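**Student:** Take a look at this one; I'll ask things after.
The values are calculated or read from the model by the stated rules, or taken from the named source; none is laboratory data. The structure presented is a predicted model; accordingly, all values stated were derived computationally and were not measured. Neighbour counts run over all protein chains shown; Cβ positions are idealised from the backbone, glycine included. Heads up: the accessible areas ignore ligands, DNA and RNA and are worked out on the full protein's heavy atoms, side chains in. Shrake-Rupley method; radii C 1.70, N 1.55, O 1.52, S 1.80 Å.
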Amino acid sequence: MINDFEFTRPADMPEALEALAHNGRVVPVAGGTNILVNLKRAPLEADLVVDLTGLDELTPLSETNGSIRLGAGVTFAELLEWRPGGAIEGLMRPMCVAFAGPLIRNLATVGGNVCDASAAADISPPLLALDAAVELESAAHGRRTLPLTKFFQGVRRTARRPDELLTAIEFSRPAENERWFYYKLGKRKADAISIVSLAMTVRLERGKVEQARIALGAVAPVAMRTPETEALLLGETLDEAVINAAAATAARESRPIDDFRATGAYRRQMVEALVRRGLTEIAQQN
């Protein structure tokens, strides 16, 4: 097994974008935690590897006028230490705690986890529940923003063009009365790939659902929102009948497969159980 590729480490963003415009197969690398594992199985299909570590433009974690911006180079260790409060922290902190182990968290980046586009990627459901968008940039075409729901296009396939770099993830700060729930089901409490993961945010107004975002991981080709379930909840009181109906609808919307971690039928049952648990807890929050 031979890995035959060129390697470059750009000094700044313009140099990085020029490297991505290189003809041939170009692979940008930040933490490299997935790539290093894959290298043990097969050669990397690349003519040029672009090392993005050290690019200051990719590391800010900031808020401006209620808009949150996560630089694509922010690590999961940095995300774990972040204290934004409210629904953001309520979703991100337990996700980071369950993400791999400390050594991997120190290297793995949010941009890399998103671009890997695994259906079981840990950060995808929380970002979908926060209605996040990705920022993409290239030397030839400049900058564009795309909703995360449109960025994921299939199993490990995204809308990123070969010459583009994912530079940041953005979303609006949730309202103060936003309620949340997160759960990752795996074979272990941490350092395990998801069997099912769930993130949701719900806003209630006078006891009725004004807004609901429910996102699932590892139960479809891509991490997904549940539009039918969300529509069912709008305007409703979170009583037992509504919660049960929403849970059953979410299970029907999921499209899980059988694999060595779990059967599709088990995953669908867990979607129903976890959505029911999440909505019940949200209904009981003061």
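**Student:** Would you mention how many residues in the range 190-217 are in a loop (DSSP other than H, G, I, E, B) and either touching a helix residue (DSSP H, G or I) at 6+ places or on another chain (Cβ under 7 Å) or among the hydroxyl-bearing types (Ser, Thr, Tyr) (or both)?
**Tutor:** Residues flagged as in a loop (DSSP other than H, G, I, E, B) and either touching a helix residue (DSSP H, G or I) at 6+ places or on another chain (Cβ under 7 Å) or among the hydroxyl-bearing types (Ser, Thr, Tyr) (or both) within the range 190-217 amount to 3.
**Student:** Taking the range 113-159, which residues are of a type in the set (Gly, Ala, Ser) and touching a strand residue (DSSP E or B) at 6+ places or on another chain (Cβ under 8 Å)?
**Tutor:** Listed by number, the residues that qualify are ALA117, ALA119, ALA120, ALA121, SER124, ALA129, ALA132, ALA133, SER138, ALA159.
**Student:** Separate question: Being of a type in the set (Lys, Arg) and either modelled with pLDDT under 95 or assigned to a helix (DSSP H, G or I) (or both) is the filter here, so list the residues in the range 70-121 that pass it.
**Tutor:** Within the range 70-121, ARG93, ARG105 meet the criteria.
**Student:** Please go through the range 248-286 and pick out each residue that is in a helix (DSSP H, G or I), open to solvent by 20 Å² or more (accessible area, probe 1.4 Å) and not small (Gly, Ala, Ser).
**Tutor:** ARG252, GLU253, TYR266, ARG268, GLN269, MET270, GLU272, ARG276, ARG277, THR280, GLU281, GLN284
**Student:** Here are some conditions: (1) farther than 21 Å from THR75 by Cβ; (2) crowded, with 16+ Cβ neighbours inside 10 Å. ARG161 meets all but one. Which one does it not meet?
**Tutor:** So the condition that ARG161 fails would be (2).
**Student:** I need the full set of residues from the range 144-156 which are free of Cβ contacts under 8 Å to residues at least 24 places away in the same chain and of a type in the set (D, E, K, R), in order please.
**Tutor:** Correct list: ARG144, LYS150.
**Student:** Oh, and also: Somewhere in the range 166-174, is a residue touching a residue at least 60 places away in the same chain (Cβ under 8 Å), touching a helix residue (DSSP H, G or I) at 6+ places or on another chain (Cβ under 6 Å), within 26 Å of ILE243 (Cβ to Cβ) and open to solvent by less than 30 Å² (accessible area, probe 1.4 Å)?
**Tutor:** Yes, some residue in the range 166-174 is touching a residue at least 60 places away in the same chain (Cβ under 8 Å), touching a helix residue (DSSP H, G or I) at 6+ places or on another chain (Cβ under 6 Å), within 26 Å of ILE243 (Cβ to Cβ) and open to solvent by less than 30 Å² (accessible area, probe 1.4 Å).
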